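Engineer: This is the structure I want to talk about, given as structure tokens.
Values in this text are rule-based calculations from the coordinates and carry no lab data. Just so it is clear, the structure is predicted and the values come from calculations on it, not from any experiment. Note that we place each Cβ from the backbone using ideal geometry, even for glycine, and neighbour counts take in every protein chain shown.
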Amino acid sequence: MALQDHASHVATTVALEEQGIPDLLMVYFSGVDAAEHQYWAYYQPDEFSQRPSAEDVAALGHVVPGYYRYIDAIVGDLLKRLPKDALVVVLSDHGQGPNPNYRPEVTISEYGKWVSGTHGEAPPGILLFSGPGVKPGRVGHTTVFDIAPTLLALLGIPPTQDMPGRVVTEAFVPEVRESLPTDRVARTFMPMEFAPPTPAAADPDLLEKLRSLGYIR
Ligand SMILES: [Zn+2]
């Protein structure tokens with residue numbers, strides 16, 4: 001998990017250095033979720049009927065908060081590479097909490113009992129806006145469906161009519177709010193230019209494998 005997030009961090013810094021500042025940059029860090037699933041029992045051992053050993057708690061209790069510090073440092077590094085007037089949105093698609101069904105003795109095949117952190121009864125995820133034009137305070141009820149319409153509107157692109165979410169207008173000062181597109185548009189499909197890879201350039205062993213699996217003829 002940390003390796004994957006490290007790779008995402010490095011890939012993002014390389015892209016920013018080589019290609020400059022884009023209109024929209026989205027980076028996903030999956031490790032927080034994985035760390036919480038696997039190490040919650042050591043982070044809040046009192047929440048579990050089958051308390052992990054004191055030795056394990058001493059060794060592994062720091063993993064969940066430590067992983068937050070690690071991601072926080074990555075976010076801090078990325079922020080330093082962005083312009084001062086960048087709008088930053090930090091969000092999670094869900095929260096996490098202790099898994100009441102956790103049974104340390106079960107195997108990975110029983111995933112619902114094997115992991116000590118769960119999304120099941122967990123608190124909601126987070127959504128933070130930061131930057132110029134952001135209004136201090138709390139926003140109303142939001143869901144993951146609100147993110148795409150909000151980001152589109154901030155980029156000056158009207159969201160489509162079939163998007164279920166709303167634009168989180170209350171997060172912004174009146175000047176920004178008034179500049180957002182108010183109409184929705186019908187869904188349109190942009191023709192994409194797609195060039196299939198040339199088989200001659202591909203690895204013969206890979207082609208044979210894909211052929212044997214029925215992906216190509
Ligand atoms: Zn998860």
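Engineer: From the residues P123, G20, P98, which one has its Cα farthest along the dipole of the stretch 1-130 in the positive direction, the dipole being from +1 and -1 charges on Cβ of Lys/Arg and Asp/Glu about the Cα centre?
Structural biologist: Projecting each Cα onto the dipole axis, the largest value belongs to G20.
Engineer: If r is the Cβ-Cβ distance from E193 to A2 and R0 is 45 Å, what FRET efficiency results, to the nearest 0.05?
Structural biologist: 0.75
Engineer: While we're looking at this one, here's another question. Rounding to the nearest 20 debye, state how big the charge dipole of the chain is about its Cα centre with +1 on each Lys and Arg Cβ and -1 on each Asp and Glu Cβ.
Structural biologist: 340
Engineer: Okay, moving on. Could you check which residue among S179, S130, S109 shows the biggest mean-square fluctuation in a GNM of the chain with a 10 Å Cα cutoff?
Structural biologist: S109
Engineer: Now for a separate question. What spacing in nm lies between the two simple spin-label points modelled at D77 and H94, each 7 Å away from Cα in the Cβ direction?
Structural biologist: With each label point 7 Å from Cα toward Cβ, the separation is 2.9 nm.
Engineer: Then there is this: Between E17, E121, E105, find the one with the highest GNM mean-square fluctuation for the chain; connect C-alpha pairs within less than 10 Å.
Structural biologist: Taking springs between Cα atoms under 10 Å, the residue moving most is E105.
Engineer: So what's the gap between the Cα centers of the stretch 71-95 and the stretch 7-28, to the nearest angstrom?
Structural biologist: 12
Engineer: Sum up the charges of everything whose Cβ sits under 14 Å from the Cβ of M1, counting Lys and Arg as +1 and Asp and Glu as -1, but leave M1 out.
Structural biologist: Charge balance in the 14 Å sphere: -3.
Engineer: Based solely on its DSSP helices, what 222 nm [θ] is calculated for the chain when runs of n ≥ 4 H residues each add -39,500 (n - 2.57) and the sum is averaged over all residues, nearest 500 deg cm²/dmol?
Structural biologist: -11500 deg cm²/dmol
Engineer: So the label point goes 7 Å from the Cα of I21 along Cα→C-beta, right? Which residues of the stretch 83-99 then have their backbone N under 11 Å from it?
Structural biologist: 83-87
Engineer: Using all Cα-Cα distances in the stretch 1-151, what percent lands in each 5 angstrom bin from 0 up to the longest?
Structural biologist: Result returned by the calculation: 2, 8, 15, 17, 17, 15, 11, 8, 5, 2, 0.
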